[in-house]
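> Dropping the structure in here first, questions after.
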Amino acid sequence: MEIYWLWLSHLKGIGPATSRKLVNGLGSPRAVYQATHEKLLSIQGLRSGLIETLLSQRSLDTAKRVQELMRRYEIHLLTYDNPYFPYYINRFSSLPAVLYYRGNLRLPTSCIGIVGSRRCTSYGKEVVAEAAAFLGMAGVTVVSGMAKGIDSYAHTACLKAGGYTLTFVANGVDICYPPEHQTLMEEIIENGAVISSYPPGTRPRQEYFPNRNKLLAAWVDKLLVVEATERSGALITAKYALEYNRKVLAVPNSIYSPESVGTNRLLLNGAEVYLEPRQLIDNNEIEVKCSSANDQLSPPRAMKKQEKLDCTTNPQEQAILDMLDQPQAVQNLLSICNGDLSGLLELLCQMELEGKVVVSGQKVQGVR
Amino acid sequence: MATVCRSFALSGINAYLVTVETVTLHGQPSVNIVGMGDTAVKEAAHRLEASLTYGRFEFPKLKVVINLAPSGVKKSGSHFDLAMAVSLLQESGQILVDPEMLSDSAFIGELSLNAELRPVSGVLPMVIAARENGMRHLFVPIENYREASLVKGLDIYAFKSLVEVADYLQGKQEYFPPLFEEVERLFDPHEGLDFADVRGQDVLIEYIVSAVAGGHNILMIGSPGCGKSMIAKRISTIMPELSEEEALEITRIYSVTGHLRERGSLITERPFRSPHHNASMNSLVGGGSPVVPGEISLAHNGILFLDEIAEFDKKSLDALRQPMEDKVVTVSRVNSTGTFPANFMLVAAMNPCPCGHHGQLRCRCTDYEVLKYRQKLSGPILDRIEVHKYVQPVDFFNLSAQEKGRSSAELRERVQRARRIQQKRFVGVTNVNSNAQMSEAMIKEFCQLDSDSTKLLSLAFEKFHYSARTYNKFLKIARTFADLEESEVIRKKDVSAALMSRDLDKERSGMLVV
């Protein structure tokens, strides 16, 4: 059966809408392949040229080649009549009827899309890490696009929290793009799936991305846009999400940050303001599931502060903490220890292990 | 009977005795130089003809055959000229030298067309070979006199021209050793470099001191223009002073590679080599035919500074692994093999991420990109670099307020004290003279931790997910920090300081990657 699906999806001039019509009308793609002229005529609304195409192009060579690739990379076919294929996608006839995937699919459950800028700031990273880890723990599927930046962080944080994640790519699922995400992709295949509407062997091209975004937008229940520049692809996803009636949330940020021009504009146009991960899940639906995640991951930020104050600190430690309103070079803290460098290092090492400060390189930061 | 003179040929950084045999035979006038000489040797025929003619001699109108024995080994260089000329003069009866005198003498030097002597490279190893082969007199070009007289135990005769050599050999002229007024050093060896010029980097300098003291290699990570190169150039100023033996080793390498020709004296400062990152593998480790030492040997007993180490060819870098371990490198070619010393301290510098501003607000590199960039340095190379430290960009406007840094002399004193402790520790152990070279068993013996420090270490491992192989590195560095403060035992503060020496590993644990 698979080979006829591949044949049908590779025919020129036959898009997802026509494929659905043909398969619905004749019962299966094999029936379409074997159909006679009369049978095809019986289907309503087919252009006459199409029937010509169907009857003349019976070669299965392309399909066999793709099948070989699929076998080699353990790629599976997900067709629109499969129970794992979200039924609601079929409502939009322009969305693909045949998908390729690697990994393990789950029956359609609630899933949240997280998208954003490739070139993100550390603020964006922090937000996405918190949100995706929360969802991963709560057992909600995180959907994103495996691009650099926000997308990759969303997958990574979800996987690290033991969650399940789907990625939609704009190339064949045998190809890893961008290449530095090779290990990430392998991990996603292990604990989720890489999905594409493009047959294996397709290299990514600029014009493929909007289609990918469209599919992603239709697939998810809610979409969180973390950071987006003025002309970001994430905004295209958001546009489609609104078109498909999905709830769009956007992360507010400084109006001067170029990475937030897009998200702030989304907010202006009515997107929901994202303030905490809990907004991403439906309270009634998964309240129970996420209660544990709540405890572990999203302790109210005020509580953290309280905890920190409870720790006993000696005067020198306190003096260091007082200086850390903003990150300081280790060098600048020397005066606290009267220039005794090894003493200062010992103190900082101790404080870092106790979680009071973060020393990265030569910089010391306070813990928020 | 052929006339026999002696000269030397180079093989790697060693020289061996070459017998130059010359005969004149009846036949068509011609010059044949046999004995596997390269082009420079073959062309000596023309130089000989011209210099004999212009040096008031006569070139014999006979068939001349010159053989360089051992004849089966390839030879190269223009320094055989003098030996060939002397033997040809003797053979053709234009000079008369006592055969005993001739058999005790060796000749080095290139001839100009006007019969003047030109300096050559590789004189030091040749003089050493001369002494080893029992030569008593050595004739060299005057420019090579200082280099040749570094070796005691034989008479060095330095001349300006072939005529002078011939006159002396025949006893027509007395020999007066050339007088060199000691050139007063206008600059000190480090060209005025001093750590006192580096401000606002006290923390980093402390780690550099420990790296030098313990023989550890160091990697500096920092954004462009934060002072990595400035610091690297000053590291040799705090290394322990060269022993005479070390100085001779360096001079020998530099002599062979021709770096010594203009200076002609013992190298007394530690070399600092910083090859550009487009350097080929052969230029780094040595190569060519005949084999010559590469940058790592030129950095012997000194510093090899690889700026932008991530931009170096991966293969070239990996070729450094074995020399870093063994402190020597053996370069093999079909025709020749050379073993060169390569005991250098590796100082490397790189940007933290593709854009170079990791950790600052303007950086937009993703963690995956950062890791990919850092993976340009292979694991085994990173493994051999014990200290990874960030260089903090300094605040220019605040610099004037800061007091001058500590001087190189002061830092060197500390290094030398720590080195002395190590020498005492490793006395009797061959091939180990610094903490960095400690074997597993030695680490067990010399790096005992008290329970407090062990607890600290295990806490850190838990928190930052260090790999097991990092453990020994921490111990070695902690040992060095203890040595720097002349402490018999490793204290908690030494372990703390060591824990802060692996910035890259620590950062790795904080990255959001799978």
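Just so you know, all these numbers are worked out from the coordinates, no wet-lab data involved. Please read these numbers as outputs of a predicted model, since none were measured by experiment. Because the Cβ atoms are built from the backbone with ideal geometry, glycine has one as well, and the counts that use them run over all protein chains shown.
> Which ³J(HN,Hα) values, rounded to whole Hz and listed in residue order, are derived for region A:173-178 from phi using the Karplus coefficients 6.51, -1.76 and 1.60 in 6.51 cos²θ - 1.76 cosθ + 1.60 with θ = phi - 60°, glycine and proline given as x?
6, 7, 9, 9, 9, x
> While we're here: Long-range amide H contacts for residue B:161: which residues qualify at under 5 Å (H placed 1.01 Å from N, peptide plane, sequence gap of 5 or more or a different chain)?
Correct list: B:117.
> Follow-up. Using unit Cβ charges (K, R positive; D, E negative) and no other charged atoms, how large, in debye to the nearest 20, is the dipole of chain A about its Cα centre? It would help to have the intermediate numbers written out before the result.
On the way: 38 positive and 36 negative charges, 367 e Å.
The calculated dipole for chain A is roughly 1760 debye.
> For the charge dipole of the protein assembly as shown, defined by +1 on Lys and Arg C-beta atoms and -1 on Asp and Glu C-beta atoms about the Cα centroid, which residue among A:211, B:312, B:441 has the Cα displaced farthest towards the positive pole?
Of the listed residues, the answer is A:211.
> Separation of region B:406-467 and region B:105-141 by C-alpha centroid, Å?
Result: 47 Å between the Cα centres.
> I would also like to ask the following. If you count, for every residue in A:178-184, the Cβ atoms of partner chains within 10 Å of its Cβ, what is the mean?
Working: counts 4, 2, 10, 5, 2, 4, 3.
For this peptide, the per-residue mean of nearby foreign Cβ atoms is 4.
> Give me the percent of DSSP beta bridges within chain B that run antiparallel, rounded to the nearest 5.
Numbers: 26 of 55 bridges.
In chain B, DSSP labels about 45 percent of beta bridges as antiparallel.
> Using the alpha-carbon atoms, what tilt in degrees (0 to 90, nearest 10) does helix A:61-72 show relative to the longest principal axis of chain A?
30
> To the nearest 10 degrees, how steeply does helix B:123-132 sit against the main Cα axis of chain B, on a 0 to 90 scale?
The answer is roughly 70 degrees.
> Let me make sure I get this right: for the protein assembly as shown, a, b and c are the square roots of the gyration tensor eigenvalues over alpha carbons, sorted descending. Under 1.5 in a/c it's rounded, otherwise prolate if a/b > b/c, else oblate. Which is it? Show your work: numbers first, answer last.
Details: a/c = 3.54, a/b = 1.77, b/c = 2.00.
Oblate, because a/c is 1.5 or more while a/b does not exceed b/c.
> Turning to a different aspect of this structure: Classify chain A from the C-alpha gyration tensor, please: rounded if a/c falls under 1.5, else prolate or oblate depending on whether a/b exceeds b/c.
Details: a/c = 2.86, a/b = 2.54, b/c = 1.12.
Judged from the Cα gyration tensor, chain A comes out prolate (a/c at least 1.5, a/b above b/c).
> Compute the separation of the alpha-carbon centres of region A:172-194 and region A:68-147 and state it in Å as a whole number.
Region A:172-194 and region A:68-147 have Cα centres spaced 12 Å from each other.
> Also, I was wondering about something else. Got a sec to turn the phi values of region B:238-244 into Karplus ³J(HN,Hα) couplings, 6.51 cos²θ - 1.76 cosθ + 1.60 with θ = phi - 60°, whole Hz, x for Gly and Pro?
The phi angles translate into 10, 6, x, 5, 5, 7, 4 Hz.
> Ok, one more. I'd like the Karplus ³J(HN,Hα) series for region B:344-360: coefficients 6.51, -1.76, 1.60, θ = phi - 60°, whole numbers in Hz, and an x wherever there's a Gly or Pro.
10, 9, 8, 10, 10, 9, 8, 7, x, 7, x, 8, x, 10, 3, x, 9
> Mind listing the long-range amide H neighbours of residue A:329? Cut-off is under 5 Å, sequence gap 5 or more, other chains count too, H placed in the peptide plane at 1.01 Å from N.
Those lying under 5 Å, H to H, from residue A:329 are A:364.
> Here's a follow-up. Could you state the angle between the C-alpha long axis of helix B:44-54 and the longest principal axis of the C-alpha atoms of chain B, as a value from 0 to 90 degrees rounded to the nearest 10?
The angle comes out at about 50 degrees.
> Continuing with the same structure: With +1 on the Cβ of every Lys and Arg and -1 on the Cβ of every Asp and Glu, and nothing else charged, how large is the dipole of region B:471-514 about its Cα centre, in debye rounded to the nearest 20? Please report the intermediate quantities before stating the final value.
Details: 9 positive and 8 negative charges, 43 e Å.
Dipole of region B:471-514, to the nearest 20 debye: 200 debye.
> What are the residues whose amide H is under 5 Å from the amide H of residue A:248, where those residues sit 5 or more places off or on another chain and H is modelled from the backbone?
So residue A:248 has HN proximity to A:223, A:272.
> Separate question: Can you tell me which of A:129-139, B:111-121, A:269-279 comes out highest on packing, and rank the rest after it, using the mean Cβ neighbours within 10 Å?
Numbers: A:129-139: 24.5, B:111-121: 20.2, A:269-279: 15.0.
So the order, starting with the most tightly packed, is A:129-139, B:111-121, A:269-279.
> Can you classify chain B as rounded, prolate or oblate using the Cα gyration tensor, where a ≥ b ≥ c are the square roots of its eigenvalues, rounded means a/c under 1.5, and otherwise it's prolate if a/b beats b/c and oblate if not?
On the way: a/c = 2.62, a/b = 2.41, b/c = 1.09.
The shape class here is prolate.
> Along the charge dipole of region B:3-169, pointing to its positive end and built from +1/-1 on Cβ of Lys, Arg, Asp and Glu, which listed residue (B:64, B:114, B:92) has its Cα farthest out?
The listed residue farthest towards the positive side: B:64.
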